[in-house]
1. May I ask you to verify whether GLU86 is more than 23 Å from LEU107 (Cβ to Cβ) and among the charged types (D, E, K, R)?
2. Are there any pairs with C-beta distances below 8 angstrom linking a residue in segment 6-27 that is over 17 Å from GLU79 (Cα atoms) to a residue that is loosely packed, with under 10 Cβ neighbours inside 10 Å, with the two at least 6 apart or on different chains, and if so which?
3. Starting from segment 84-113, keep only residues that are polar (S, T, N, Q), then list their pairs with residues that are part of a loop (DSSP other than H, G, I, E, B) whose Cβ atoms are within a distance under 9 Å, requiring at least 6 positions of separation or different chains.
4. Consider segment 23-66. How many of its residues are out of contact with any strand residue (DSSP E or B) (no Cβ under 9 Å at 6 or more places or on another chain) and hydroxyl-bearing (Ser, Thr, Tyr)?
5. Can you name every residue in segment 1-53 that is surrounded by fewer than 10 Cβ atoms within 10 Å (Cβ to Cβ) and among the small types (Gly, Ala, Ser)?
6. Just name the residue that is farthest from SER82 (Cα to Cα) out of those in segment 5-30 that are over 13 Å from the mean Cα position of the chain (by Cα) and among the charged types (D, E, K, R).
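Here, each number is a calculation from the coordinates, and none is a lab measurement. Values in this document were obtained by computation on a predicted structure and should not be read as measured data. In this analysis, Cβ positions are derived from the backbone assuming ideal geometry, glycine residues included, and neighbour counts consider all displayed protein chains.
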Amino acid sequence: RLILEMDSQGIEFPKLDPPDIFIGVIGEKAEKFAENLALDIRAAGIVCHKDIMGRSVKAQMKYANKLKAGYSIILGDNEIESGKAELRNMLTGEVKDISIDTLIDRLMKYRGK
């Protein structure tokens with residue numbers, strides 16, 4: 001009802017900026033790790049979304065595309081154990097192997113901060 005009333009009064013909802021990065025997750029261990037990583041990324045002032053629906057990897061990437069995320073990263077047990085993951089530029093499709101520890105610094109660099 002509130003949304004209908006706001007709409008009838010001509011109140012516009014602000015458009016949200018697309019996320020700088022989307023974190024996809026495979027597995028329970030990765031889920032907790034990704035939650036903490038997302039908090040750290042957001043604390044650095046970077047807009048970050050993470051899958052919370054338990055979608056398949058393919059569905060997560062479709063969702064990241066729908067959100068118009070700048071970058072995506074998929075975290076699973078292997079990535080957490082190795083400390084490395086693939087960072088994908090969602091616009092160009094370019095993929096870079098990165099250390100998860102350097103993710104925030106790289107995103108800041110890409111954003112020009």
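1. The answer is no for GLU86.
2. Taking only residues 6 or more apart or on different chains, the pairs are MET6/PHE13.
3. Filtered contacts from segment 84-113: ASN89/GLY70; SER99/GLY83.
4. Going through segment 23-66 one residue at a time, the tally reaches 1.
5. Once the filter is applied, which keeps residues that are surrounded by fewer than 10 Cβ atoms within 10 Å (Cβ to Cβ) and among the small types (Gly, Ala, Ser), segment 1-53 yields SER8, GLY10.
6. GLU5
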